[in-house]
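Bear in mind that the values in this text are calculations on the coordinates, not laboratory data. As the structure is a prediction and not an experimental result, all values here were calculated from the model. Positions of Cβ are generated from backbone atoms using ideal geometry, with glycine treated the same way; all protein chains shown enter the neighbour counts.
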Amino acid sequence: MNVAEAKLILQTGRPGDEAAADPRFAEAMALVDQDPALAAWYAAEQRWDAALGQALQSVPVPPDLSAIILERTAGQKVVALPQPQSLSNPWLAWFSWRSSLSLAMAAAIALFLGFTFAWLHPKPAGQWAEYARDMIVTTPPHEHHVDLKTSDLNQIRIWLASHNGASGLELPTVIGTSPGLTGCRVTDWHGRSVSMLCFHMPGAQHVDLFVTRTGNLSDAPVQLEYSLMEHQMTAGWSTGGNTYLLTGPVPETFLRHCLEPQVTVERAWAHLVTAPAPRLELPTTSHDYEPL
Amino acid sequence: MADLSFEELVKAHYEALYRFALSLARAEADACDLVQQTFYRWATKGGQLRDPARVKAWLFTTLHREFLGQRRHADKFPKLEISTVDEARLTAVSAPPEQQLDGTTVMAALQRLDETYRAPLALFYLENNSYREIAEILEVPIGTVMSRISRGKALLREAVLPKADR
């Protein structure tokens, strides 16, 4: 674990809560003990969190709110919390068994009807910008980033196929032959399957390639288009029934290098090596500025 | 918890629910409505909850769902309240040092963040919820919560602190 990873884990967990049971948290805390700079950062972070929490918890609450709530619900028959029931009474146990059976049957019928309805009425397709934004924002960091860690593309294809992931992947040369491939996962976007392939790049950067069926999106990009979303450059295109989203904290030129058929992996990577401080470039078309 | 009366339940949770609602809805009146609606739902449906230990999570999840439902409605029928919008857009956050953070300033900064970050941050700071609890309340994966808290904290810091203090 490096310092950046430790900081991310320490930022989201607290020593007293469930995070403390996470071995990664313990590992991060061990780093704090060894690294005075990290210890100073962590102490400042805790002070900041405490100050912010205290400030937010001091926001005044309308003094009559609880009275209004009670007044509003006064006419309602308030449902009490269920008391734990003992099933020592055989009649109660028999009734409970009958209830459970009825509930199970009702659930089975509801499931059947639900599947039938979903089959007859497929979900409407989503919007490309919303999809891209959600993929960027909700990508889990570090240990949760991929479900399968491997650099073997064939293994990834097999794994995706067995996990309801993308099939018929058609990857650009640079991506398909990249030595930086580190793994994949399958996620869900409003009930639609999305596959993600992760690539580590020089300079501790990485890009993610998201793949979903083109029919899942109402306005999937047909031809290659670039845009800036959530402070990240993205490239989107469709081919072979799949829509691809390539994104990461890398310069636009790097994405262009990755997607140009005549470019080699070495040339694309060389671009990052010679540009050690990745910087976002301004989008080049008016389309790129469309609000999300 | 099973012996808690409705009145005690309200008193135990309404303040935290209100502040969470205020961070989401941005307007006091809307926040009050969300809290009232949440307890109304509890009064009529809360008994369906089988595990008394999950009452708090149920209340926060219900409030969040109410907010999402109202927002979807507002998106279809947009309504601008001039006083609210102007205040949110024109009031610059002063740059207090860390020791002098006041609730109103921090809440205003939080309210300006994208909704994606507001909800997890509010739950993180207001109730000291763990990321597992936040994931349960917001009904999103744990990894997503960690990612949103991490990015959200950075954005909130930018909104609250002057550049020199970051």
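Take every residue in peptide A:62-69, count the Cβ atoms of other chains within 10 Å of its Cβ, and give the average of those counts.
Taking all residues of A:62-69 together, the mean is 6.
Within 10 Å of each Cβ in B:9-18, how many Cβ atoms from other chains are there, averaged over the peptide?
Taking the mean over all residues of the peptide, I get 4.
Taking amide hydrogens as modeled 1.01 Å from N in the peptide plane, which residues meet the under 5 Å criterion relative to A:ARG14, leaving out close sequence neighbours?
For A:ARG14, whose amide H was placed from the backbone, the distant partners under 5 Å are A:ALA19, A:ALA20.
Taking R0 as 60 Å, what FRET efficiency do you get between A:THR173 and B:ALA29 from their Cβ-Cβ distance, rounded to the nearest 0.05?
Working: r = 58 Å, r/R0 = 0.96.
E between A:THR173 and B:ALA29, to the nearest 0.05, is 0.55.
Determine ³J(HN,Hα), in whole Hz, for all residues of segment B:16-27 in sequence, where each value follows from phi through the Karplus function 6.51 cos²θ - 1.76 cosθ + 1.60 and θ = phi - 60°; x replaces Gly and Pro.
5, 5, 4, 5, 5, 4, 5, 5, 7, 7, 6, 10
Amide H of A:MET229 versus every other amide H placed in the peptide plane: which residues, excluding those fewer than 5 positions away on the same chain, fall under 5 Å?
Under 5 Å from the amide H of A:MET229: A:THR234.
Using the Karplus curve 6.51 cos²θ - 1.76 cosθ + 1.60 with θ = phi - 60°, work out ³J(HN,Hα) for each residue of segment B:114-123 in order, rounded to whole Hz, and write x for Gly and Pro.
So the Karplus estimates, Gly and Pro as x, are 4, 4, 3, 9, 4, 5, x, 5, 4, 5 Hz.
Between A:THR150 and B:GLN70, how many nm apart are label points set 7 Å from Cα along the C-beta direction?
Calculated label separation equals 4.9 nm.
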